[in-house]
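Novice: My structure is below; once you've seen it, I'll send some questions.
The values are calculated or read from the model by the stated rules, or taken from the named source; none is laboratory data. All figures in this text were calculated on a predicted structure; none of them were measured in a lab. Cβ sites come from the backbone with ideal geometry, for glycine too, and all protein chains shown count toward neighbours. For the accessible areas, the whole protein counts, side chains as well, though only heavy atoms, and no ligand, DNA or RNA atoms are used. Shrake-Rupley method; radii C 1.70, N 1.55, O 1.52, S 1.80 Å.
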Amino acid sequence: MRRLLVLVLSALLAATGTAAANEQVVGGERASIEANPWAVYLTDDRGAQFCGGTVVAPTKVLTAAHCALGRSPSDLRVVAGREDKQDRDSGVSVMPVDVWIHKQYVAADEGEDIAVLTLKTALPYTPLPIAEPTDRALYQPGTQLRALGWGRTSENGKTSRYLLQATVPVLPDDFCVETYPQFVKTDMFCAGYEGGKIDTCQGDSGGPIVAQGKLVGVTSWGEGCARRGKPGVYVRLSRYAKDLHPVVDALPPGVVDP
Ligand code: 4AZ
């Protein structure tokens, strides 16, 4: 009996140990949707998740341009209020009515990797405010940011069933330029560890990286995932406040200003 208990306990421990080692964005941990109600994911019309997003106004979801490019509203769904992709009873899956992509967007590693999806009806989830030019302090090297998503948990692995988070510090722009010659200091920032191990990955793109109750960046690109010397690159959102305000503050079509 005692032997069995020990066996069961050690099996349980081993199982939890494995789960912990696999619980990642890459190298991250579980995050609850209650604590991060503005975190959403994007699927195609068949329900396959491919990117992340953030509720930035009741009818507006900010994502990456490279997530929205070439997609019409009819092959996009915003899934909000759902931590577990398999939990169809929680949250909502809604088709956007409009897709806005930054006019200057060409490729993620050239900057302007932002898009805004407009929904027909307001989401019942608290939006997250976008960082403004006055939030310069949030971009100082060493600032701890929290990235969230349902993306891959290793470079060539599967995407996550559950919402995950990882804490990564902002790295100096000079380090990012040295690593990535195409890095644009004004439009991007990079975050992570010199040694790799903790990072965002494919499927996290378009999703939030946050600090102090503000949306600091949008997950954008990087070479592989969690590689040594290859940090994740994020959209420097404070720089896009002017471009985003008119789009995010606009009322959805059909909604009349009282
Ligand atoms: C991607 O392909 C992607 N390691 C997202 C994040 C990173 C790399 C690639 C950062 O969506």
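Novice: Output the residue which, of all residues in segment 213-235 that are among the β-branched types (Val, Ile, Thr) and within 12 Å of the ligand (Cβ to nearest atom), is farthest from Arg152 (Cα to Cα). Outline the logic, then answer.
Specialist: First, the residues of segment 213-235 that are among the β-branched types (Val, Ile, Thr): 216, 218-219, 233, 235.
When the remaining residues are screened for being within 12 Å of the ligand (Cβ to nearest atom), the result is 218-219, 233, 235.
On the way: Val218: 16, Thr219: 13, Val233: 16, Val235: 20 Å.
Applying the filter and picking the extreme gives Val235.
Novice: Continuing with the same structure: Please specify each residue of segment 62-77 satisfying the condition of being under 18 Å from Arg236 (Cα atoms) and free of Cβ contacts under 8 Å to residues at least 60 places away in the same chain.
Specialist: Ala65
Residue-by-condition table, conditions (1) modelled with pLDDT of 95 or more; (2) of a type in the set (D, E, K, R); (3) under 30 Å from Thr186 (Cβ atoms):
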residue	(1), (2), (3)
Asp98	yes, yes, yes
Thr118	yes, no, yes
Ala122	yes, no, no
Gln144	yes, no, yes
Leu148	yes, no, yes
Thr153	yes, no, no
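Novice: Given the options Val170, Val184, Val210, name the one that is out of contact with any helix residue (DSSP H, G or I) (no Cβ under 9 Å at 6 or more places or on another chain), more than 14 Å from the ligand (Cβ to nearest atom) and open to solvent by less than 50 Å² (accessible area, probe 1.4 Å).
Specialist: Details: Val170 fails: out of contact with any helix residue (DSSP H, G or I) (no Cβ under 9 Å at 6 or more places or on another chain); Val184 fails: out of contact with any helix residue (DSSP H, G or I) (no Cβ under 9 Å at 6 or more places or on another chain).
Answer to the check: Val210.
Novice: Can you find a residue in segment 193-204 that is basic (Lys, Arg), more than 18 Å from Ala65 (Cβ to Cβ), away from the ligand (no atom under 11 Å from the Cβ) and open to solvent by 10 Å² or more (accessible area, probe 1.4 Å)? I'd like the intermediate steps shown before the answer.
Specialist: Narrowing segment 193-204 to residues basic (Lys, Arg): 197.
Of the ones still in play, those that are also more than 18 Å from Ala65 (Cβ to Cβ) are 197.
Checking which are away from the ligand (no atom under 11 Å from the Cβ) leaves us with 197.
Now drop any that are not open to solvent by 10 Å² or more (accessible area, probe 1.4 Å), which leaves 197.
Within segment 193-204, one or more residues are basic (Lys, Arg), more than 18 Å from Ala65 (Cβ to Cβ), away from the ligand (no atom under 11 Å from the Cβ) and open to solvent by 10 Å² or more (accessible area, probe 1.4 Å).
Novice: Would you say Ala80 is hydrophobic (A, V, I, L, M, F, W, C), more than 20 Å from Tyr234 (Cβ to Cβ) and out of contact with any Asp or Glu (no Cβ under 9 Å at 6 or more places or on another chain)?
Specialist: Against the criterion (hydrophobic (A, V, I, L, M, F, W, C), more than 20 Å from Tyr234 (Cβ to Cβ) and out of contact with any Asp or Glu (no Cβ under 9 Å at 6 or more places or on another chain)), Ala80 qualifies.
Conditions (1) under 25 Å from His245 (Cα atoms); (2) under 20 Å from the mean Cα position of the chain (by Cα); (3) open to solvent by 40 Å² or more (accessible area, probe 1.4 Å); (4) among the β-branched types (Val, Ile, Thr), marked per residue:
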| residue | (1), (2), (3), (4) |
| --- | --- |
| Arg136 | yes, no, yes, no |
| Gly149 | yes, yes, no, no |
| Ala166 | no, yes, no, no |
| Val177 | no, no, yes, yes |
